Amino acid sequence: MTPRHRMEALLVKAAFGLLGRLPPARAARLAGGIARAIGPLLPVSRVARTNLRLAMPEQDRTARRRIVRGLWWNLGCTVAEMPHLSEFRASGTAASYDITGTETLRWLTAKGGPAIFFSGHIGNWELLAPCAAAHGVRLAVLYRAADNPAVDELTARFRRLAMGGNLTMLPKGASGARGAIAHLARGGFIAMLADQKMNDGIEVPLFGHPAMTAPAVAALALRFRCPVIPAHTERLGPARIRVIVEPPLELPDSGDRGADIAALTRAVNACLERWIRARPEGWLWLHRRFAKEIYRRHSRRA
């Protein structure tokens, strides 16, 4: 580990230590307020504002500023809730969630796997797996490991605690793909965040623009002919989350595997877009999600 990684890990550990000693809602309000004050001033927020102009041109400048402040508030709250993940319970507790779509989870527990859940960086996405597990569906999680291995292990520890010490985490890449295939073949359930750009993915629309998108959800679902479950979270307040589990998507079966993968990936992006439009301040707008040419054209017009 490099000296920079060691210093970064010490700072993150100290921050989580402080936030973990505070009551969950107070920790979330503190971190959310700091992030909302500082985040919009950071250079990365220019990416968020550009994404908003591309994705939701009907929003005026005042609305875009409100959304950017909101995304930083949500991100700060989500970070602060990390050391409290294991404390979240059903409504009425200091860190609480409620859930809609329990009938889908009951159906899955009765039916068994395999099945694939997909979500996005919306609300507090970290709560999806613990909440599903509390209702009988234990998810293995495909994730992107943090660049700093010490920080990665620290966040993994919080996730394992929230799952009662029993969590299968599959890092993105070849080994994670093999692990996901093996897990599904054993009748397991997996979860993926499907809203990040993948340069070697496939081009499907998002907010009316071409977006390189990972086809893994569709490819695995069609390989196993298993249910694809849309699920996401909404922030109701500091340490208060709603988890929404929807009925499975319809699997295409045209006989053309490439066309079916593209069609199902378009359906995944359509779900993400619907969720984001409903609560745009809840999504992480900070990544360049669209094709490079879209940004170049936008820059020339700006």
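Every number in this text was worked out from the coordinates using simple rules, so none of it is lab data. Computed from a predicted model, the values in this text were never measured in an experiment. Cβ: placed from backbone, ideal geometry, glycine included. Neighbour counts: every protein chain shown.
Report the full-extension gain for the segment residue 150 to residue 37: residue separation times 0.36 nm, less the Cα-Cα distance, to one decimal in nm.
Residue separation times 0.36 nm, minus the Cα-Cα distance, leaves 37.9 nm.
Mind checking which lysines have their C-alpha under 17 Å from residue 172, skipping anything on the same chain fewer than 8 residues away?
197
List the residues, sorted by chain then number, that are 5 or more residues from residue 241 or on another chain and whose placed amide H is less than 5 Å from its amide H.
96, 97, 98, 236
Taking the beta-carbon count within 10 Å as an exposure proxy, list 273, 58, 293 from fewest neighbours to most.
In increasing order of surrounding Cβ atoms, one gets 58, 293, 273.
First select every other residue whose beta carbon is under 14 angstrom from the beta carbon of residue 165; then total the charges, Lys and Arg +1, Asp and Glu -1.
Taking every other residue near residue 165 into account, the sum is +4.
If a paramagnetic tag sat 7 Å from the Cα of residue 270 along the Cα-Cβ line, which residues of region 222-242 would have the backbone N under 16 Å from that point?
Those under the cut-off are 228-231.
Going by Cα centres, region 112-181 and region 2-71 are how many Å apart?
Here the answer is 22 Å between Cα centres.
Pull out the extension gain between residue 197 and residue 297, defined as 0.36 nm times the separation in residues minus the alpha carbon to alpha carbon distance; nm, one decimal.
Once the chain is fully extended between residue 197 and residue 297, it gains 34.1 nm.
What net charge is computed for the residues neighbouring residue 9, neighbours being all others with C-beta under 13 Å from the C-beta of residue 9, Lys and Arg scored +1, Asp and Glu -1?
So the surrounding residues net to 0.
Straight distance only, please: which aspartates and glutamates reach the Cα of residue 111 with their own Cα at less than 20 Å, same-chain residues fewer than 8 apart left out?
103, 246, 250
Net charge near residue 288, counting Lys/Arg +1 and Asp/Glu -1 over other residues with Cβ under 12 Å of its Cβ?
+4
Take the Cβ-Cβ distance between residue 14 and residue 58 as r, set R0 to 45 Å, and report the resulting FRET efficiency rounded to the nearest 0.05.
Computed FRET efficiency for residue 14 and residue 58: 0.60.
Compute the distance in nm between two label points, each set 7 Å from the Cα along the Cα-to-Cβ direction, one at residue 279 and one at residue 110.
Each label point is offset 7 Å from its Cα along the Cβ direction, giving 2.9 nm.
Taking amide H positions as placed 1.01 Å from N in the peptide plane, with prolines and chain starts having none, which residues 5 or more places from residue 122, or on another chain, fall under 5 Å of its amide H?
233
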